[in-house]
Amino acid sequence: MQVPALVEPSRTPPIEPFEVRGSFDTPCLLVDLERVEANVSRMAATMRDRGVALRPHAKTHKSRRVADLQLAAGAVGLTVGTLGEAEVLAGEGRDVFLAYPLWPAPPKVARLRALLGVTPLTIGLDSAEAARRWATELGPDVRRLRAMVEVDSGGGRTGVVPSTAGELARVAQDVGIEVQGVFTHGGHGYARPGAGAAAADDERRALAEAAEALRAEGIEPAVLSAGSTPTAEGAAVAPVTEVRPGTYVFQDRQQVGLGSARTDAVALVVAATVVSDAVPGQVVVDAGGKALSKDRAAWLSGFGEVLRYPEATIERLYDYHGVVRFPESTPRPKVGSVLLIAPNHVCPVVDLAASFLAVRDGELVGRWPVDARGRSA
Ligand code: PLP
């Protein structure tokens, strides 16, 4: 991955809070269902107009009910990052793409074999070693395994050089794996605000080159899959056939800063109570690193945004304490006040909670479990 240029920690445009009434224990996650539905239908409509399939990454919500909303809006299936997520979110004929270069160690092989009987499953592949090992471990069952060859489009994380994708696809096909196509994740779209457009172009170029490399081996790729939230729209142009954004469903402060989310699209906040104002110039809330996560892009200041207090900075996080600094001229919220905090990066935050409170028209309407919480293996 390209090292991001050092920029001054920036402030994002203020996120618009949603209404919530009633009482709840803190810290907790509040999810505004109208915003979720708007995010789901906006992305679905964009991809329908483009004629590009949408396969949302479910690692963001880890929720069967949210997955149902996405599938009902026209998603062709789900993307997941682990077998654990697939085990929880698959079933009922849902088509699942495990977009990860899974290594076929025996415990994973046993779990994958069990899943193959339940759900249409495709895995990521970025080495000939993994392809051959899958064949050895699965035996004749390897013929039921589908794979997508991963290519690197500039993120520098995983994926082979696009021009070599054909060689890997050939090895996979020769050992009995059904090669569906090629995929990439333009993670460099996160490098700085506005980086998504160029990363989306990189994704398209890399997939087009990889598809040619497969054709040179006589393998016609059915799927060219790109994706992330910052690149989804830009990448959804031929020859790309599918995109896999995940974060768009809840959005977060980082996406607002990147320019990939509207300020009224952030659908999930962490509610936290002010538990201390003993130290001048700051308050302490009951949401620390175990509620907000310590994720922070180099270009982002603080560990989240306190809604309605745009001048406040979440300066330090301990496990259960969040220290929020206020400029001298700004009144501090009183002890006992409940603050709504938009997390920097929503995906790890969801994984820290057992459930979220669903909100509609400002009322609490239910508690939705984070079904695949902790399923990181
Ligand atoms: N596909 C892959 C392989 C990913 O790793 C990710 C995110 O990490 C996504 C899709 C979804 O990207 P985002 O969270 O930006 O929506």
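Quick notes on this one:
- Count of the stretch 106-124 residues, restricted to those that are under 12 Å from Gly84 (Cβ atoms) and not hydrophobic (A, V, I, L, M, F, W, C), is 3.
- Residue list for the stretch 306-363, restricted to those being of a type in the set (Ser, Thr, Tyr) and touching a Gly at 6+ places or on another chain (Cβ under 8 Å): Thr313, Tyr318, Tyr320
- Scanning the stretch 208-242 for residues that are among the aliphatic types (A, V, I, L, M) and part of a helix (DSSP H, G or I) returns Ala208, Ala210, Ala211, Ala213, Leu214, Ala216, Ala232, Ala235.
- Search result, residues across the stretch 153-190 that are of a type in the set (Gly, Ala, Ser), part of a loop (DSSP other than H, G, I, E, B) and within 16 Å of the ligand (Cβ to nearest atom): Ser153, Gly154, Gly155, Gly156, Gly159, Gly186
- Of everything in the stretch 4-24 that is modelled with pLDDT of 95 or more and among the hydrophobic types (A, V, I, L, M, F, W, C), the residue that is surrounded by the most Cβ atoms within 10 Å (Cβ to Cβ) is Ile15.
- Qualifying residue in the stretch 74-81 (condition: within 12 Å of the ligand (Cβ to nearest atom), at pLDDT 95 or above and touching a helix residue (DSSP H, G or I) at 6+ places or on another chain (Cβ under 7 Å)): yes
- Filter pass, Gly281 being within 16 Å of the ligand (Cβ to nearest atom) and surrounded by fewer than 24 Cβ atoms within 10 Å (Cβ to Cβ): no
- A count restricted to the stretch 311-339 and to residues that are touching a residue at least 60 places away in the same chain (Cβ under 8 Å) and surrounded by 19 or more Cβ atoms within 10 Å (Cβ to Cβ) stands at 1.
- Extreme residue, nearest to Phe183 (Cα to Cα), among residues of the stretch 82-101 that are surrounded by 23 or more Cβ atoms within 10 Å (Cβ to Cβ) and within 10 Å of the ligand (Cβ to nearest atom): Ala99
To keep it simple, each residue is scored yes or no on (1) charged (D, E, K, R); (2) assigned to a strand (DSSP E or B); (3) at pLDDT below 95.
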{"position": "Asp319", "(1), (2), (3)": "yes, no, no"}
{"position": "Thr330", "(1), (2), (3)": "no, no, yes"}
{"position": "Gly336", "(1), (2), (3)": "no, no, no"}
{"position": "Leu340", "(1), (2), (3)": "no, yes, no"}
{"position": "Asn344", "(1), (2), (3)": "no, no, no"}
{"position": "Val349", "(1), (2), (3)": "no, no, no"}
{"position": "Ala358", "(1), (2), (3)": "no, yes, no"}
{"position": "Val365", "(1), (2), (3)": "no, yes, no"}
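- Flag if Ala236 is touching a helix residue (DSSP H, G or I) at 6+ places or on another chain (Cβ under 6 Å) and under 20 Å from Val171 (Cα atoms): no
- Of all residues in the stretch 208-262, those satisfying the criterion of being within 11 Å of the ligand (Cβ to nearest atom), farther than 20 Å from Gly124 by Cα and in contact with a strand residue (DSSP E or B) (Cβ under 7 Å, 6 or more places away or on another chain) are Phe250, Asp252, Gln254.
- Verdict on Pro193 being surrounded by fewer than 22 Cβ atoms within 10 Å (Cβ to Cβ) and within 16 Å of the ligand (Cβ to nearest atom): yes
- Entry remark, the stretch 196-207: residues being within 16 Å of the ligand (Cβ to nearest atom) and surrounded by fewer than 21 Cβ atoms within 10 Å (Cβ to Cβ) number 2 in total.
- Exactly one residue among Thr119, Thr136, Thr60 is within 16 Å of the ligand (Cβ to nearest atom) and β-branched (Val, Ile, Thr), and that residue is Thr60.
- Residue within the stretch 25-38 that is over 24 Å from Gly124 (Cβ atoms), buried (at least 19 other Cβ atoms within 10 Å of the Cβ), aliphatic (A, V, I, L, M) and within 14 Å of the ligand (Cβ to nearest atom) present: no
- Within the stretch 25-41, residues that are closer than 27 Å to Gly288 by Cβ and in contact (Cβ under 8 Å) with a residue 24 or more places away in the chain have Cβ atoms under 8 Å from residues that are hydroxyl-bearing (Ser, Thr, Tyr) and not in a helix (DSSP H, G or I) in these pairs: Thr26/Thr273; Pro27/Thr273; Leu29/Ser355, counting only partners at least 6 apart in sequence or on another chain.
- If the condition is being in contact (Cβ under 8 Å) with a residue 60 or more places away in the chain and within 16 Å of the chain's Cα centre (by Cα), then the stretch 84-104 contributes Gly84, Glu85, Leu89, Phe97, Ala99.
- Odd one out for Ala265, checked against (1) within 16 Å of the ligand (Cβ to nearest atom); (2) surrounded by 24 or more Cβ atoms within 10 Å (Cβ to Cβ); (3) among the hydrophobic types (A, V, I, L, M, F, W, C): (2)
- Enumeration of residues in the stretch 182-199 that are of a type outside the set (Lys, Arg) and farther than 20 Å from Gly124 by Cα: Gly189, Tyr190, Ala191, Pro193, Gly194, Ala195, Gly196, Ala197, Ala198, Ala199
The values are calculated or read from the model by the stated rules, or taken from the named source; none is laboratory data. Only a predicted model underlies this, so the values are computations on that prediction, with no experimental measurement involved. Every residue, glycine as well, gets a Cβ built from its backbone with ideal geometry; the counts of neighbours run over all protein chains shown.
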